[in-house]
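The values are calculated or read from the model by the stated rules, or taken from the named source; none is laboratory data. Computed from a predicted model, the values in this text were never measured in an experiment. Note: ideal-geometry Cβ built from the backbone for every residue, glycine included; neighbour counts use all protein chains shown. Surface accessibility is based on the protein's heavy atoms, side chains included, excluding ligands, DNA and RNA. Shrake-Rupley method; radii C 1.70, N 1.55, O 1.52, S 1.80 Å.
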Amino acid sequence: MQNKEQNITQTNIWSNLVDQSRSVGDIIISDLFKKEKNRAKSMSIKIAEVFFDYSKNLITKDILKNLIALAEEANLSIRIDKMFDGKAINRSENRSALHTALRADQDGEHSANIKLKFKSINDQASKIKAISDKIRSKEWVGETGKSITDVINIGIGGSDLGPRMACTALKEFASARLNIHFVSNVDGTDINDVLSNLNPETTLIIISSKTFTTMETLLNADKALAWLEKDLETQNIRSSNHVIGVTANAKNAKLFGIDETRVVEFDDWVGGRYSIWSSIGLSLAISIGFDNFQTMLSGAREIDNHFRESPFDQNIPVIMAVLGIWYNNFLGAQSHAIIPYCERLTLFPSYLQQLDMESNGKSVDQNGEQLKYQTAPIIWGQTGTNGQHAFFQLLHQGTKFIPIDFIAPIIQKQSDDKSQKILLNNMLAQSMSLMVGKKAKEGENHKSYPGNKPSSTLLVNSLSPKTLGALIAIYEHKVFVQGTIWGINSFDQWGVELGKELSIALNKGNISNIDPSTDQLKDIISKFTNY
Ligand code: F6P
């Protein structure tokens with residue numbers, strides 16, 4: 001049992017794992033396949049259209065047993081129930097983390113607390129449907145009576161990465177008539193580039209911000225609205241059909257001037273990086289249509305059910321999480337690579353960076369006690385085969401220990417058989433060669449591949465709203481399981497606040513105690529500019 005008095009590292013299971021990690025040098029992954037005839041099959045899990053093979057990992061069955069026991073020791077089952085039941089597991093902000101309620105089967109069994117949430121969830125979903133239907137059917141017109149052709153989602157972090165990643169991933173499902181653009185960076189280049197090619201008469205701006213206080217988003221929104229106003233010669237553009245606000249802070253959106261009917265809310269128990277399932281998904285729903293958006297939610301729901309109902313040793317998010325703990329806490333891995341063999345998943349690694357690192361990049365536990373062990377690894381990655389010609393050298397022969405997730409859709413209709421075959425064979429060649437390695441002739445050490453490098457492979461039948469929803473949910477729950485084992489709050493992000501405060505102070509020019517280095521840089525900048 002993990003509580004203030006008993007740290008997870010003080011448990012017998014942790015000690016057993018430390019012992020097992022000492023003899024990990026004796027484990028040769030490829031030899032394990034000879035010893036355990038059934039290893040590939042027994043270390044694979046199939047759920048709906050997802051196939052997860054974790055047999056190429058540096059684990060024996062005994063190690064896995066202890067890792068699963070560690071999850072049990074951390075009271076994972078109780079924590080899962082607490083999350084799904086909407087208990088205030090985000091303790092520093094005293095609120096629940098209920099993204100799972102957004103995609104729940106409302107006819108299923110739920111606590112009274114969850115049932116209470118369904119009304120606002122359904123109201124918000126109806127609004128997403130009404131708006132996306134009208135825009136897609138050309139019924140939604142701008143100030144000059146023309147229908148919308150371009151939608152700009154202005155938001156950052158969780159109010160950008162989810163819909164941006166999913167719009168790229170689900171291009172095959174998108175309306176050919178509508179272009180969806182994303183602006184996030186406060187670097188004016190971002191918004192200027194997007195606006196320079198658009199016609200204000202047919203452009204809709206969606207201002208997405210949970211808090212409606214985020215400096216980058218509000219500045220970019222002001223710029224976009226000024227652009228609309230100037231061209232359309234309208235005084236009341238903020239309350240026109242060209243502007244929608246998506247937020248958990250309707251008051252601020254209305255103060256910003258957005259008409260009440262065009263404020264689409266979501267609830268504050270949806271964390272920013274878990275908000276793709278909420279009204280933050282509006283730009284995505286406009287692109288792929290409400291039904292496809294719902295299908296994405298249903299893909300996540302299948303994983304929610306799998307996560308809640310499957311024994312831990314048959315549970316994809318749990319297995320992924322404990323493997324990560326093994327590498328991170330017992331074998332000293334500092335990072336974890338995500339390599340999708342799929343051009344459409346190009347933004348998936350950066351989406352997972354926020355999901356994982358903003359959730360679990362913590363160094364105090366739920367009680368505010370300093371942790372004496374490692375938490376979130378650095379998540380990074382890029383699509384294959386591109387990465388093969390860039391950083392794979394380091395994966396094969398470098399000195400860093402980096403576990404990898406390979407991800408691929410089996411079929412890609414927008415590609416062609418020949419390319420798809422070569423793409424998938426490249427992925428298989430990489431995971432295989434990383435594992436088996438190759439001895440070089442004497443005197444040719446530069447040609448030697450040590451091998452024994454672990455990886456897991458996630459295959460989906462094809463990339464669709466359903467499988468994308470499933471993939472995202474798998475990683476959400478993996479992050480949750482790891483946060484549970486580490487005893488941290490995966491749902492706050494206090495670490496981003498200090499930088500925000502200092503940038504506001506610098507902008508206002510009222511910063512005190514400026515350090516000599518920053519002062520020098522400020523001086524150099526001001527020699528070229530007037531700020
Ligand atoms: O700065 C971090 C953060 O708070 C993220 O957690 C969040 O997704 C992002 O900023 C954007 O916040 P908001 O949706 O309130 O504009």
Touching a Lys or Arg at 6+ places or on another chain (Cβ under 9 Å) and more than 20 Å from Ile286 (Cα to Cα): does that describe Ala101?
-> yes
Odd one out for Asn94 among (1) free of Cβ contacts under 8 Å to residues at least 60 places away in the same chain; (2) farther than 20 Å from Gly272 by Cβ; (3) among the polar types (S, T, N, Q) | (2)
Of the residues Lys522, Lys453, Lys466, Lys441, which single one is surrounded by fewer than 11 Cβ atoms within 10 Å (Cβ to Cβ) and among the basic types (Lys, Arg)?
-> Lys441
In the stretch 426-483, the residues that are closer than 18 Å to Ile45 by Cα and assigned to a strand (DSSP E or B) | Ser455, Ser456, Thr457, Leu458, Leu459, Val460, Asn461, Ser462
Among the residues of the stretch 228-237, is any within 24 Å of the chain's Cα centre (by Cα), farther than 27 Å from Pro403 by Cα and either more than 13 Å from the ligand (Cβ to nearest atom) or modelled with pLDDT of 95 or more (or both)?
-> no
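Restricting attention to helices (runs of 4 or more DSSP H) lying wholly within the stretch 262-381, give those where 2 or more residues are touching a Gly at 6+ places or on another chain (Cβ under 7 Å) and of a type outside the set (Phe, Trp, Tyr).
Qualifying helices (runs of 4 or more DSSP H): 290-309.
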Per the filter on the stretch 346-359, residues surrounded by fewer than 24 Cβ atoms within 10 Å (Cβ to Cβ) and more than 16 Å from the ligand (Cβ to nearest atom) are Thr346, Pro349
Enumeration of residues in the stretch 30-54 that are open to solvent by less than 30 Å² (accessible area, probe 1.4 Å) and at pLDDT below 95 | none
Enumeration of residues in the stretch 145-199 that are within 16 Å of the ligand (Cβ to nearest atom) and polar (S, T, N, Q) | Asn153, Ser159, Ser184, Asn185
Do we find that Arg79 is in contact (Cβ under 8 Å) with a residue 60 or more places away in the chain and out of contact with any Ser or Thr (no Cβ under 6 Å at 6 or more places or on another chain) in this structure?
-> no
When you go through Asp19, Asp53 one by one, which is the residue that is out of contact with any helix residue (DSSP H, G or I) (no Cβ under 6 Å at 6 or more places or on another chain) and touching a residue at least 40 places away in the same chain (Cβ under 8 Å)?
-> Asp53
Starting from the stretch 246-261, take each residue that is in the same structural domain as Ala221 (by TED's automatic domain parsing) and open to solvent by 80 Å² or more (accessible area, probe 1.4 Å) and list its partners that are modelled with pLDDT of 95 or more and of a type in the set (Val, Ile, Thr), counting only C-beta distances under 8 angstrom and pairs at least six apart or across chains.
-> Lys254/Val263
The condition from (1) open to solvent by less than 50 Å² (accessible area, probe 1.4 Å); (2) assigned to a loop (DSSP other than H, G, I, E, B); (3) free of Cβ contacts under 8 Å to residues at least 24 places away in the same chain that Asn241 misses is numbered (3)
